[in-house]
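Trainee: Handing you this structure, nothing more for now.
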Amino acid sequence: MGPLAVTQLLALISLTVAMDNGLLKTPPMGWMAWERFRCDIDCKDDPENCIREDLFRDMADRLVEDGWKELGYEYVIIDDCWMSMLRDEHGRLQPDPFRFPGGIAKLARYIHDRGLKLGIYADMGTHTCMGFPGTTLDTINIDAQTFASWGVDYLKFDGCSSNPIEQMLGYPLMSKALNATGRPMAYSCSWPVYVGGLPPKVNYSLLGDICHLWRNYVDIQDSWDSVQGIVEWFSNNQDDLQPAAGPGRWNDPDMLIIGNFGLSVDQARAQMALWAIMAAPLIMSNDLRNLDNSARFILQNKVAVAINQDSMGIQGRRLLQEKNHIEVYWRPLSHSASALVFLSRRTDMPSLYHTSLAKLKYDTGNYEAYDVFTGSTVTGLNATTQFTLSINPSGVVMWYLGIYADMGTHTCMGFPGTTLDKIDMPRPLPAGG
Ligand code: GLA
């Protein structure tokens, strides 16, 4: 097929698919197996950690019993390595019979009974990235129907073992097939990763029409280097990526690794803060059965979560990079509020950073800042007030900033004035949060 024919076909498909089923008006939140549990299928020697139905039931129990669900963490997502190597006699994907003896529909019921949602993984191509059966163009419909019949709520559609033309056809076709099942399913597309993540190879407006979220860049690993590399790539390319995001269409810098082995407490706060700024999915990949309190407090920080879940859904941006390796990130929020993150990429000692809101391009006005991780407030700020922050190495200070309208109830432009007491955010934070 020539490039023109492909483009025409694609235009035709995209006219008929709009993944507008009202899902994911804010970024998805939940838990996914991959980064922490990978493709561990050794249930004999590692029964606690292998990919099998008990792992997902355990995580569902933890989400419900340990306060995650009420904060919004609702998806339990199976990643690669759940399948049997063979399709069934009707050509349908089926789970490994030893590791998922109850089947996926039963697991979905378990998860739904607890008020949670089930996600599953498939791959556009001949094989998944770990070599399990893939979804080729001719099995897209049957796979979408199988997932719907099981009660799946979310599909992560990876792209190993396919070429760019198959991806160009397959991702829109899967969107259409999911829609055609009549079951609302969130659709996460890994397509951009496989074509370099950037325009012109990636058409972000088409992606936004057919997928609810998409992986843009390489897989996260359990290290600060990996988190930094991802943030750097997203920020360097923010002019292309940031406008692509909005309610129902999100960039996905990959899972939260907080609570694992690779991040210090400061680095964990930094990941949480930057994922909130980036309007990123808050999908943890950790062991919720063994999580220390510092990780729990960070992941359950209500203000960080509220910033991430802001209803305007505008992705934030890196505002500046100082020569001394301090960076400032910003995200506009509803109620004329905003969030600021001051990140130190230094590796020496806590750094003092002197600035003012005017230097960060804030308009004249009166502001109040709430420090998201310490719970302290800074009142009486106006745009020109000089202030000094102490930022730990590979750490952040994160502020929620409200406009304080002391001369009336409205902003200069007539919008409602916002004082911290009017912000719909639970305060104060738990100690240590
Ligand atoms: C790819 C994806 C990962 C994970 C693995 C599974 O690498 O990007 O998120 O799903 O495949 O094999």
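The values are calculated or read from the model by the stated rules, or taken from the named source; none is laboratory data. Not measured: the values here are computed from a predicted model. Here the Cβ positions follow ideal geometry from the backbone for every residue, glycine too, while neighbour counts run over all protein chains shown.
Trainee: Looking at ASP138, ASP80 in this structure, which one is within 16 Å of the ligand (Cβ to nearest atom) and within 30 Å of VAL195 (Cβ to Cβ)? Before the answer, list the steps.
Mentor: Numbers: ASP138 fails: within 16 Å of the ligand (Cβ to nearest atom).
Result: ASP80 is the single residue among ASP138, ASP80 that is within 16 Å of the ligand (Cβ to nearest atom) and within 30 Å of VAL195 (Cβ to Cβ).
Trainee: May I pose another question? For segment 225-234, which positions are more than 16 Å from the ligand (Cβ to nearest atom) and either modelled with pLDDT under 95 or surrounded by fewer than 20 Cβ atoms within 10 Å (Cβ to Cβ) (or both)? Walk me through how you get there before you give the answer.
Mentor: From segment 225-234, those more than 16 Å from the ligand (Cβ to nearest atom) are 225, 228, 231-232; that's our starting set.
Passing the criteria: ASP225, GLN228, GLU232.
Trainee: Restricting attention to segment 70-87, which residues are hydroxyl-bearing (Ser, Thr, Tyr) and under 24 Å from ILE298 (Cα atoms)? Before you say what the answer is, go through the steps one by one.
Mentor: First, pick out the residues of segment 70-87 that are hydroxyl-bearing (Ser, Thr, Tyr): 73, 75, 84.
Within segment 70-87, TYR73, TYR75 meet the criteria.
Trainee: Which count do you get for residues in segment 136-190 that are basic (Lys, Arg) and either closer than 18 Å to ARG249 by Cα or touching a Lys or Arg at 6+ places or on another chain (Cβ under 9 Å) (or both)? Spell out how you get there, then give the answer.
Mentor: Of the residues in segment 136-190, the ones basic (Lys, Arg) are 156, 176, 183.
If we keep only those that are either closer than 18 Å to ARG249 by Cα or touching a Lys or Arg at 6+ places or on another chain (Cβ under 9 Å) (or both) too, we end up with 156, 176.
Adding up the residues that qualify gives 2.
Trainee: Hey, another quick one. If you take just the strands (runs of 3 or more DSSP E) that sit entirely in segment 143-246, which of them hold at least 1 residues that are more than 18 Å from MET278 (Cα to Cα), among the acidic types (Asp, Glu) and touching a Ser or Thr at 6+ places or on another chain (Cβ under 8 Å)? Give the derivation first.
Mentor: Details: elements: 154-158, 186-189, 213-215.
Filter on segment 143-246 gives 154-158.
Trainee: Also, quick follow-up: So which residues in segment 67-105 are part of a helix (DSSP H, G or I), touching a residue at least 40 places away in the same chain (Cβ under 8 Å), out of contact with any strand residue (DSSP E or B) (no Cβ under 8 Å at 6 or more places or on another chain) and surrounded by fewer than 17 Cβ atoms within 10 Å (Cβ to Cβ), if there are any at all? First the steps, then the outcome.
Mentor: Pass one, segment 67-105, residues part of a helix (DSSP H, G or I): 69-71, 103-105.
If we keep only those that are touching a residue at least 40 places away in the same chain (Cβ under 8 Å) too, we end up with 69, 71, 103-105.
In the following step, the residues that additionally are out of contact with any strand residue (DSSP E or B) (no Cβ under 8 Å at 6 or more places or on another chain) were identified as 69, 105.
Within segment 67-105, ALA105 is the sole residue that qualifies.
Trainee: Looking at segment 141-169 only, could you name the residues that are within 16 Å of the ligand (Cβ to nearest atom) and surrounded by fewer than 23 Cβ atoms within 10 Å (Cβ to Cβ)?
Mentor: CYS160, SER161, GLN167
Trainee: Applying the selection to segment 243-257, what residues are buried (at least 20 other Cβ atoms within 10 Å of the Cβ) and either away from the ligand (no atom under 16 Å from the Cβ) or farther than 22 Å from LYS25 by Cα (or both)? Working first, answer last.
Mentor: Within segment 243-257, the first condition is being buried (at least 20 other Cβ atoms within 10 Å of the Cβ), and the residues that meet it are 244-245, 248-257.
ALA244, ALA245, GLY248, ARG249, ILE257, listed by residue number.
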